[in-house]
DNA sequence: TATGAATGAGAATTCATTCAT
DNA sequence: GATGAATGAATTCTCATTCAT
């Protein structure tokens, strides 16, 4: 097996474990077992646990920011840009559920330990949103708004939605909870986008 | 110092540490030092770490659900109920920032380890929201909607907002970020409430 | 058992192991077993291996320098001072053979890792010797000399002698080696003292 | 690079590392990096760490004993022999400072782990000294003496001197220490030889 | 011969918990 | 109730050695 393969395999496996158990709750022995590699191999490829964490986060966060930015830049109208921003974020987040868990944990820690590269990716997404809103505002399409709250609305809502997917699937289907099982990420993203855009549009 | 005092002091301190570092990241030695009590005293008062965690979460989650329910039940109109629901949740969350951090972490873990009492408090809040939405729907005020997404919208948005308060205060005040510093929890809750209600109202 | 007892027991045992196996060759597991204490107890009392090493060296080196200085200061004549210096050093070194081994190892490493407190004790001994030689010189008793070489002569010779005591006792008593077994530290110190003083005395 | 070159390069590098860090403190990874060879190459050339250590010590100790013996055998008078013995030992020790460090460490360990070939070289030197002293004694030139102490005096003093050369060069040149910087191995050997011979000569 | 990758056996350190007073 | 000391079970990380090419 080539270096790239093993290193990548470790990274993927580590991402899942960091997402599920957090940094402190992830045990290197368990990781090695899950990966099917020797414990020392992890250290051969990734120096130490902290570095592995950094590497994993960078590998997760970067393509997400890239995808959102690329999709938005293919649009010109602020309304469409905002909708694409939200829907693309929802889609890539759903594709890699590790992202949502890790981001939520890092935010819970106050972002104090978030590796700089990962933090920068989040800033790229936030700044992109700010540009969309400002551009919509200067075109007279959007009302003045607080970008950070909208950022949190998008991320908070959709991350919780993605995170809760496995949880909801194991819930007993009581009458009261039945309706909750139906929604999927697409419709959730639609609803979030529609809600936010509706509140922004100049009547 | 009375038993109650010491026990309470430990609980408060533990809440803060669990919020900041998570369950696995909270070290009993550090907790003892932060509390200013002997490590063995923690065990005298709280059996073990898992029990202490349960106790802390119950102490945090219960009054929050209580406050939201009480405030909502003082209202009769669904629109007002929903607004009060959101604003009360925002206020009590801001009053005890531990709640947001711990909830985010627990959701990131898929809720797998969340103590039952704490989980029940979250369900009380969710079920309250469902009743509000259904009542509004049956009165012809609200459109049909997905309660879970709205739940996530409220919790995700406001929790991230509360969690990010200390973070934002340490950010350098660049032009680009300046506007982000101004918002407070009141106006954030207003914006969330207005946005959600606007999207629900039958035009 | 009181804290002092356990801490001291660990220190004594560690000194012996550091002397015999060196810093890198001393295994904390073995040390715990030799001491008859739990491994974690070592860390409870001494933070980590490096600190334990520092503590052990300080505990070994300080009384040795103290004893030499005290004995020398009870004398007034340089010749007697020098003889007492050498004989006292020999006696205390023989009393605690760890000292010689550790000092030899540290010198072999270039003193790079020797804890500052231990190094200072060696400097106290060297400076004392320099004062003796200078005082003898200014009184016209001693010829001019190189203090460092005399320092090395004392320490190197007597340390090797002390270190080799157990080695010699296990040697097969061949004809050729037989005579080597007889000498003791007292006579060795005498011979060193006599040799050095003879070479220093103004004829 | 030829087999011989690589093997030799590893041996030289290993000698330096064993001298500086000891057997246990020498890490094969570091050695490979210092040598500029792949770690597996070390094993291709030298079986394992213990064998490499044996090889290194044999390569260091043998020429030293050879040189001392050859130089002494060129002399006939015991006094001259003894002086040549000391001065040659000093010179070859200074030429390869690894020797002194390794010997000091091995003596500190009680010689327990010293490879047999290296130990034999030290015995050749000691037996040579014994022959010189006995010959001087039977010729009525030397008084009766303890060869082992004289052996230790030579080795201990000069080894410490050689070992401390780099240390002394980094010392701050205070008034008190200034004089220590001046001496070189030649004069140190002279002083040792003169001192020892003076104490041996029948008056 | 040379080398990147892999690994089993350790070794240092941590941590939740308990004990004795 | 409180506390210094003790400890067994992890947990992170290291290191000599081997493998495959």
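Considering only C:117, C:166, C:97, the Gaussian network model of chain C with Cα springs below 10 Å gives its largest mean-square fluctuation to C:166. Inter-chain Cβ neighbour count for C:197-203, averaged per residue, equals 2 (cutoff 10 Å, partner chain atoms only). Only Cα pairs within less than 10 Å get springs; with that Gaussian network setup on chain D, which residue of D:34, D:169, D:121 has the largest fluctuation? Per the Cα network of chain D with a 10 Å cutoff, D:169 tops the list. For chain A, taking the reciprocal of the average inverse distance between every pair of different Cα atoms yields a Kirkwood hydrodynamic radius of 18.4 Å.
Two decimals, Cα atoms only, Kirkwood Rh: what is Rg/Rh over the range D:80-174? Reported Rg/Rh, Kirkwood definition of Rh: 1.03. Here the scattering of the protein assembly as shown is modelled by Debye summation over its C-alpha atoms, one equal scatterer each and no solvent; at q = 0.06, 0.10 Å⁻¹ the log10 of I(q)/I(0) is -0.61, -1.00.
Counting neighbouring beta carbons within 10 Å and listing from fewest to most, the residues B:29, D:54, A:95 come out as B:29, A:95, D:54. Compared with the dominant Cα axis of chain A, that is its longest principal axis, helix A:3-25 is turned about 70°.
Across the range C:68-156, C-alpha contacts under 8 Å between residues 6 or more apart give a mean separation that, scaled by the residue count, equals a relative contact order of 32 percent. Each of D:142, C:161 was scored by other Cβ atoms within 10 Å of its Cβ. Arranged with the fewest first, they read D:142, C:161. Comparing B:68, B:192, B:141 in a Gaussian network model of chain B, where Cα atoms under 10 Å apart are tied by springs, the biggest mean-square fluctuation is seen for B:141.
Inter-copy label distances at residue C:194, using a point 7 Å along Cα-to-Cβ, come to 2.2, 10.5, 11.0 nm with the shortest given first. With contacts taken as Cα pairs under 8 Å and at least 6 residues apart, the range B:1-46 reaches a relative contact order of 41 percent. Classified by the C-alpha gyration tensor, the range B:1-73 has a prolate form. Its axis ratio a/c, with a ≥ b ≥ c, is 1.5 or above, and a/b is larger than b/c.
Show that you can apply the helix-only estimate: for chain C, add -39,500 (n - 2.57) for every DSSP H stretch of four or more residues, divide by all residues, and state [θ] at 222 nm to the nearest 500. -26000 deg cm²/dmol, from helical runs alone. The ranking of D:5, D:146 from fewest to most other beta carbons within 10 Å of each one's beta carbon is D:5, D:146. Each other copy holds its own label point for residue A:75; taking that point as 7 Å from Cα along Cα to Cβ, the gaps run 3.1, 9.4, 9.6 nm, nearest first. Centroid-to-centroid, using Cα positions, the range B:13-88 and the range B:112-131 are 14 Å apart.
Computed from the Cβ-Cβ distance with R0 of 35 Å, the FRET efficiency linking residue B:70 to residue B:168 stands at 0.70.
Here the contact order of the range A:11-168, divided by its residue count and restricted to Cα pairs under 8 Å and six or more residues apart, works out to 25 percent.
A point 7 Å from Cα along Cα→Cβ stands in for residue B:165, and the other copies hold the same point at 3.3, 6.9, 7.0 nm, listed in rising order. Closest approach of a chain B Cβ to the axis relating B and C (residue, whole Å): B:40, 4. The mean count of C-beta atoms from other chains within 10 Å of the C-beta of residues in B:138-150, rounded to a whole number, is 3.
Each value in this text was obtained by applying a stated rule to the coordinates, not by laboratory testing. What you see is a predicted model, and the numbers here were worked out from it, not measured in a lab. Neighbour counts are summed over all protein chains in view; Cβ atoms, including those assigned to glycine, are modelled from backbone coordinates with ideal geometry.
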